[in-house]
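Here the structure comes first, spelled out in structure tokens, and everything after it is commentary.
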Amino acid sequence: MRVLIAGATGLVGAQVLRRLLADPRCSGVVAPTRRPLAPTDAKLLNPVLDFATLPADAPWYQVDAAVCALGSTMKQAGSREAFQQIDHGYPLQIAQAVRRQGCEVFALNSAMGAKARSPFFYNRVKGQLEEDLRALGFSSLALVRPGLIGGERAESRAGEHAAAVVLGALAPMLPKAWRINPAERIADALVEAALNTQPGVRVIGSAQLV
């Protein structure tokens, strides 16, 4: 299978990319990024672009499956409008583009609590994206909903670090759904959803990602 990964430079996306390149079930990987990836790989096509000017049509959108691990925080984005664009606008544009080229399989790294009518802005944006993806008619759609993601990020997120320390200490006493979800486990779920497809819409919750 030929797979597109959006968000290949992020904590989860980098793990997804590594797994796809190593998996014999994957014949090629398309990873659009803002800056060139290193190292290169014979299986990898790396279009370098500005996501604000994503092409509506490009040959590299012709894939068998797509994985989206794009995401930001309100602090990183700088405003609600920018966050909405990064966490909803860009992923939806990519999904629409691959769908137009005949892609039937899509896996999204969403979030625990995603709900289109949530009173919380973050959860509402994630939920709206899930609803819009459902409407595109993928034959196989996986919505992976982690809680707090564990792993070393390139950029510092003080709030997440503090929460990780607390949840890590309390882990033995917490229900699985409230525990830290390692980035590697989330990546495993996304890759399996892309390469070992199942029909319909599946929600993979945080308790399955411990």
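Here are the numbers:
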| quantity | calculated |
| --- | --- |
| Relative contact order %, the chain, counting alpha carbon pairs below 8 Å whose residues are six or more apart | 21 |
| Farthest positive-ward along the chain dipole, Cα basis, beta-carbon charges - from LEU37, GLY200, ALA22 | GLY200 |
| Size of electric dipole in the stretch 1-70: Cβ of Lys, Arg +1 and of Asp, Glu -1, about Cα centre, debye, nearest 20 | 200 |
| Options ALA95, PHE120, LEU108, ranked by Cα towards positive dipole end of the chain, top entry (Cβ charges) | PHE120 |
| Using alpha-carbon coordinates, inclination of helix 121-135 to the longest axis of the chain, degrees | 40 |
| Cα→Cβ-extended label distance, 7 Å offset, between GLN93 and ARG25, nm | 3.1 |
| Extended-chain gain in nm, criterion 0.36 nm per residue less alpha-carbon gap, ASP132 and THR73 | 19.2 nm |
| Under 19 Å from LYS115, Cα to Cα: aspartates and glutamates that are on another chain or at least 8 residues apart | GLU81, ASP87, GLU130, GLU131, ASP132 |
| For ARG124, net neighbour charge (Lys/Arg +1, Asp/Glu -1) across residues whose Cβ lies under 13 Å away | 0 |
| Student exercise, the chain dipole from Lys, Arg, Asp, Glu Cβ charges, in Debye to nearest 20 | 360 |
| Where the chain is the region considered: accessible area per residue in Å², 1.4 Å probe | 48 |
| With Cα atoms, 0 to 90° folded angle of helix 183-195 axis to the chain main axis | 40 |
| J(HN,Hα) series, the stretch 102-113, from Karplus relation 6.51 cos²θ - 1.76 cosθ + 1.60, nearest Hz, glycine and proline x | x, 5, 10, 10, 9, 10, 10, 8, 9, 7, 4, x |
| Inter-label distance for SER139 and LYS115, nm, one decimal - labels placed 7 Å from Cα along Cα-to-Cβ | 3.4 |
| Burial ranking of peptide ranges 189-197, 114-122, 27-35 (average Cβ count within 10 Å, highest at the top) | 189-197, 27-35, 114-122 |
| Nearest 10 degrees, 0 to 90: helix 158-170 Cα axis against the chain principal axis | 60 |
| Fraction of accessible area attributable to carbon and sulfur, the chain (%, probe 1.4 Å) | 55 |
| Computed E for ARG18/GLN208 - FRET, C-beta separation, R0 22 angstrom, nearest 0.05 | 0.55 |
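The values are calculated or read from the model by the stated rules, or taken from the named source; none is laboratory data. Everything quoted here is computed from the prediction, not taken from an experiment. When we count neighbours, we look across all protein chains shown, and the Cβ atoms used for this are built from the backbone with ideal geometry, even at glycine. SASA here: full protein model, heavy atoms, side chains in, ligands and nucleic acids out. Shrake-Rupley method; radii C 1.70, N 1.55, O 1.52, S 1.80 Å.
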